[in-house]
Structure formats: C-alpha cells, structure tokens
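Student: Shown below is the structure under consideration.
Taken together, the values in this text are just the output of simple stated rules run on the coordinates, not laboratory data. What you see is a predicted model, and the numbers here were worked out from it, not measured in a lab. Please note: Cβ atoms are built from the backbone with ideal geometry, for glycine as well, and neighbour counts cover all protein chains shown.
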Amino acid sequence: MRAKRISSICIFIAITILFTGCFNGKYDPNMTIGEQIKTRHYKGNAEDFGKNELLDEILECVEDKDVDRMKELFSNYALEENDVLDEEIEQFYESFPEINEVKNNSCASSRSDNIGATEYKYKYQIMADIYDEEGNRYYFICVWIEGYSDDPDMQGLHSIQLVSEESYWADTFTVHSWDDRPGVYVYL
C-alpha cells in the first residue's frame with residue numbers, strides 16, 4: 001500500500017512539473033519582455049517566443065510612441081554602442097505606417113558554436129509583412145541575440161528595420177546583424 005502511495009505521489013509531482021513547464025515555459029509574465037530577452041529567462045522555443053511576445057511588444061511601443069519602453073528591449077551593448085538610438089526610434093515611429101494588417105509573421109534562427117570552447121551565439125530574426133490602409137506593403141525585420149558567451153551584454157534586441165516594398169525589391173537595404181552597428185533603420 002505504501003509503495004502505491006509513493007508511486008501516486010511521484011506521478012502527481014511529475015504531472016505537475018510537466019504542466020507547469022507547458023504553461024509557464026514561453027515567458028514569465030512577471031518580467032518585462034526586455035528583461036526576458038536580456039537574461040534568456042524564458043524557456044522553451046525562442047522562435048515561438050519571438051513570433052509572439054516580442055513582435056507584439058514592439059508594435060505596442062510603436063502605437064504608444066514610447067521611446068523608453070522600446071529602448072528597454074535593446075541589449076546593453078546596443079545601448080552603449082549607439083548614442084543616437086533615441087533619435088532613430090523617434091524617426092522609426094514617425095515613418096511607421098498606420099497598420100491595417102500584419103501577415104506572414106515568422107522567425108528564423110542561426111547559431112554559431114565552437115565545439116570544446118565556451119563561445120556560442122544565437123541570432124533570431126523576426127520578419128513580418130505590414131500593410132497600411134492603402135495596401136502598401138512594408139517589411140519589418142528585427143534581430144535579437146541570445147547566448148553570446150563572450151559578451152553577455154550583447155544579449156537582447158540588436159536591430160530593427162522597416163523596409164518599403166520598393167526598397168526591398170531594389171535591394172537598397174541591409175539586414176543589420178550582430179556584426180553590424182546596432183540600431184533602428186528605416187528604408188523607405
């Protein structure tokens with residue numbers, strides 16, 4: 001009887017851990033999105049996290065035109081390296097179209113590892129098509145870095161790009177990655 005009771009308790013604990021991980025795994029609602037991407041506090045699939053919470057947070061910042069809230073998303077490295085980030089964010093807000101629809105939200109990842117060493121880095125790109133009231137298409141791209149062991153200050157949002165369809169097809173823009181200057185870029 002005692003073995004059955006212990007077995008039941010172990011099963012209950014295992015189920016509790018499983019469901020707790022499922023429900024709390026993507027992000028911690030007690031922390032800001034900026035805190036989570038800088039500390040890699042969230043668990044689970046970062047691509048799922050990026051496709052949802054981070055894009056929503058950025059779009060809310062745009063709607064509220066909240067420079068400080070947007071800056072909180074950027075890595076400490078980006079904040080130190082870019083002394084005109086406030087102005088870039090303000091220009092981004094001024095250039096951002098009135099959104100009618102967001103489509104094709106996706107997230108791509110790339111990683112670099114040195115086997116046998118501690119260096120590793122992960123880069124995620126969130127991409128979305130944004131349409132304005134007139135049906136004009138814009139490409140929204142944001143890059144965030146996590147897991148950079150050589151420089152933990154690089155962890156967080158690295159760059160945001162807003163690209164008009166004309167600039168996109170004319171190939172007159174650059175996707176700014178971890179090797180480029182962090183910041184906010186508008187190609188209209």
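Student: Going Cα to Cα from Lys71, which aspartates and glutamates come in below 12 Å? Please leave out same-chain ones fewer than 8 positions away.
Tutor: Glu35, Glu57, Glu80, Asp83, Asp86, Glu87, Glu88, Glu90
Student: Right, next: For Asn100 and Leu188 in the same chain, what is the full-extension length gain: residue separation times 0.36 nm, less their Cα-Cα distance, in nm?
Tutor: Numbers: separation 88, 0.36 × 88 = 31.68 nm, distance 1.79 nm.
Working it through step by step, the gained length comes to 29.9 nm.
Student: Assuming R0 = 25 Å, can you tell me the calculated FRET efficiency for the pair Asp68 and Asn30, based on Cβ-Cβ distance, to the nearest 0.05?
Tutor: Details: r = 20 Å, r/R0 = 0.79.
In this case the efficiency is close to 0.80.
Student: Now a separate question. Express in nm, to one decimal, how much length is gained between Val175 and Val84 on full extension, taking 0.36 nm for each residue of separation and deducting their alpha carbon distance. Don't skip to the answer; put the middle values down first.
Tutor: Working: separation 91, 0.36 × 91 = 32.76 nm, distance 1.89 nm.
Computed gain between Val175 and Val84 is 30.9 nm.
Student: Order the peptides 79-86, 167-174, 66-73, 137-144 from the highest to the lowest mean number of other Cβ atoms within 10 Å of their residues. Please report the intermediate quantities before stating the final value.
Tutor: Details: 79-86: 14.1, 167-174: 12.6, 66-73: 17.8, 137-144: 21.6.
By packing density, highest mean first, the sequence is 137-144, 66-73, 79-86, 167-174.
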